[in-house]
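Structure first, then comments.
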């Protein structure tokens, strides 16, 4: 998109994520001093991840609906990236995204986002051109989010099937919270890895 408003949306997401990461670091520091139990620390990873997903969903909603609103919405320098219709308010744009049944639109996950963008955006741009690696953390974050927010057996089963897959992990890291706190590398938790992946997606959309 590469416009002032699109860049502001991305900047707001990254600022929010940085604040959440500072909270995570403080929690780990408190744990290292013996002030918090490990169960409390792991629970914080799950809660902080939900906040990151919420920030991501807000950014996607602002991007897509903003392309419909004229004047005052999101303008792209790419003529292909625009709404299929123009409306005068974000409220009206939200109603269009909700559809005839008035269902609250979902912005997390590849299918949800593509369904909305196919309906509302010209040529499904820019989401139709996103590559599988760019979608990877968006799609997997949906399974993590569902397992945290609604830990039914089905949600947990989907998390194990699509996120953990066949990766051999210690028993503690096979829980959602333990998985997020576990190490993706010697210097990075999986929480940081997934958050970075969502951040890259937001930045690419804003370009």
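We did not get these values from a lab; they are worked out from the coordinates using the rules stated. Since this is a predicted model, take the numbers as computed values, not measurements. Counting neighbours? That spans all protein chains shown, and the Cβs are built from the backbone with ideal geometry, glycine included.
Using just the helices of the chain, give the 222 nm mean residue ellipticity in deg cm²/dmol: DSSP H runs with n ≥ 4 each add -39,500 (n - 2.57), and the total is spread over all residues, rounded to 500.
-20000 deg cm²/dmol, from helical runs alone.
Taking the 0 to 90 degree range and rounding to the nearest ten, how far is the long axis of helix 132-149 tilted relative to the main principal axis of the chain, both from C-alpha atoms?
60
Got a sec? How would 107, 35 order by Cβ neighbour count within 10 Å, fewest to most?
With the sparsest Cβ surroundings first, the list reads 35, 107.
So if each residue of separation counts as 0.36 nm, and I subtract the Cα-Cα distance between residue 169 and residue 139, what length gain in nm does that give?
Working it through step by step, the gained length comes to 8.7 nm.
Mind checking the full-extension length gain between residue 84 and residue 38? Use 0.36 nm per residue of separation minus the Cα-Cα distance, one decimal, nm.
Details: separation 46, 0.36 × 46 = 16.56 nm, distance 4.99 nm.
Full extension of this stretch gives 11.6 nm more.
Please work out which option in [x] 62; [y] 51; [z] 70 gives percent of Cα pairs over 22 Å apart calculated from these coordinates, and answer with its label.
[y]
Quick one: 185, 157, fewest Cβ neighbours within 10 Å first, how do they rank?
Arranged by neighbour count, lowest to highest, 185, 157 become 185, 157.
Please give, to one decimal in nm, the separation of the simple spin-label points placed at residue 158 and residue 114, each 7 Å out from Cα toward the Cβ.
Here the answer is 1.6 nm between the modelled labels.
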